[in-house]
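Beneath this line is the structure, given in structure tokens, with notes to follow.
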Amino acid sequence: MRSAILLCVFVLFGYLTNAQFSILPKVGFENSLTSVEMNGFSSFSPTGYNLSPQAGVRLDYKNKQLHGPFIGLATTRSIVKFNFSDPATAISANSTSRGSVQLRLEGGYQVSTKPIYFKKAGSSNKSSEIYSQQNLERTSCGKYMMRRSCGNKAASAAKAKAAADKGSWVRIQPSVGVAYIPFSPSSDINTKMQGTQTTYEYNAGNWKTALLGGIGFEFGKNDQRTIMLSFNYLKSLGNLASENITTASGSKPINTQLQSNVSGWNVNLGIPISLNKKKPVAKTEVIEKKKYTEEKRCGQYRIQYRSRCMQ
């Protein structure tokens, strides 16, 4: 049992070592639409679309296949305070105001494509001429050392630089997830007294959970990620049940039912910060082979053979 646990820990550690972690600070704006429905009639929006600035941060995890989960924080301002005194005329006689900024938690899963390069690197048809040189040098009486080398350091360096300079690219990253507001108004309807008149305040759009969906465009150059542009859609799911207000007209009670809904979209711009250390680039070593031969008699000779290698 202990060996199995150690094996699982070892496999998980190796998996996480090859994964990519990054932090994405982001800023942008959110455009939310809060609608109110009274007594089952058609819903209406008291304020229309509400545009507000948005800030957030997200932690991404990607495996070798370039997909994985994410968690984050973001601001939102979707609550509309709907104030009225007479439920019978609330649709036409009301006043509205924006709610305060709230903090929401986000989590989900993201898939990323491979880099799509804007310009393909041109392939060179010119063949580099690399010469192979074989030298036979006398080191001592009766012994010779043969040296052979083939290479072109300037051409190799140029080729390595061309391989590293891949140009600018973009990755397409669709995602899906959920949002959750941990701190929201505990009551959707608040009652106030203004003189002898009772007024009501309805916190429309006081959602607790919502569905997220979006698409991101990650831009970069060579092996460097530079900027992230994302478009996301939000649809409220929970904590938007019907609320009832009971008033009296003479001796007859009147029941008013209120319900709200929220949808919206946002645009964010962020700079990804990688949390993984870059692996050192392995250096290519030139290995020189030596071959020793013996000469039957003592003499000073130097034989040089030069041939052409094609790359």
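Data for the structure
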quantity	calculated
Solvent-accessible area, 1.4 Å probe, carbon plus sulfur percent, for the stretch 200-241	65 percent
Net lengthening on full extension, residue 109/residue 37 (0.36 nm per residue, minus Cα-Cα)	22.6 nm
Cα→Cβ-extended label distance, 7 Å offset, between residue 57 and residue 223, nm	2.7 nm
Computed FRET value (nearest 0.05) for residue 184 with residue 85, which takes r as the C-beta separation and R₀ as 22 Å	0.30
Of 64/114; 208/235; 26/81, those spanning more than 20 Å from alpha-carbon to alpha-carbon	26/81
Rough spin-label spacing in nm, given labels placed 7 Å along Cα→Cβ, for residue 251 and residue 172	7.0 nm
Length gained when the stretch residue 92-residue 193 is fully extended (0.36 nm per residue, less Cα-Cα span)	34.3 nm
Heavy atoms of residue 30 accessible to a 1.4 Å probe, total area in Å² rounded to 10	10 Å²
The stretch 44-79 residues near the modelled residue 101 label - backbone nitrogen below 17 Å, point 7 Å along Cα→Cβ	50-58, 73-79
Calculated from backbone phi, Karplus (6.51, -1.76, 1.60) coupling profile of the stretch 30-41 in Hz, x at Gly/Pro	10, 10, 10, 10, 10, 10, 10, 10, 10, 6, x, 7
HN-Hα J in Hz across the stretch 82-98 - Karplus 6.51, -1.76, 1.60, θ = phi - 60°, x for Gly and Pro	9, 10, 7, 10, 10, x, 5, 10, 5, 5, 9, 10, 7, 9, 10, 8, 7
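The values are calculated or read from the model by the stated rules, or taken from the named source; none is laboratory data. Remember, predicted model here, so these are calculated numbers, not experimental data. Counting neighbours? That spans all protein chains shown, and the Cβs are built from the backbone with ideal geometry, glycine included. Protein only, heavy atoms only, side chains kept; ligands, DNA and RNA dropped before computing areas. Shrake-Rupley method; radii C 1.70, N 1.55, O 1.52, S 1.80 Å.
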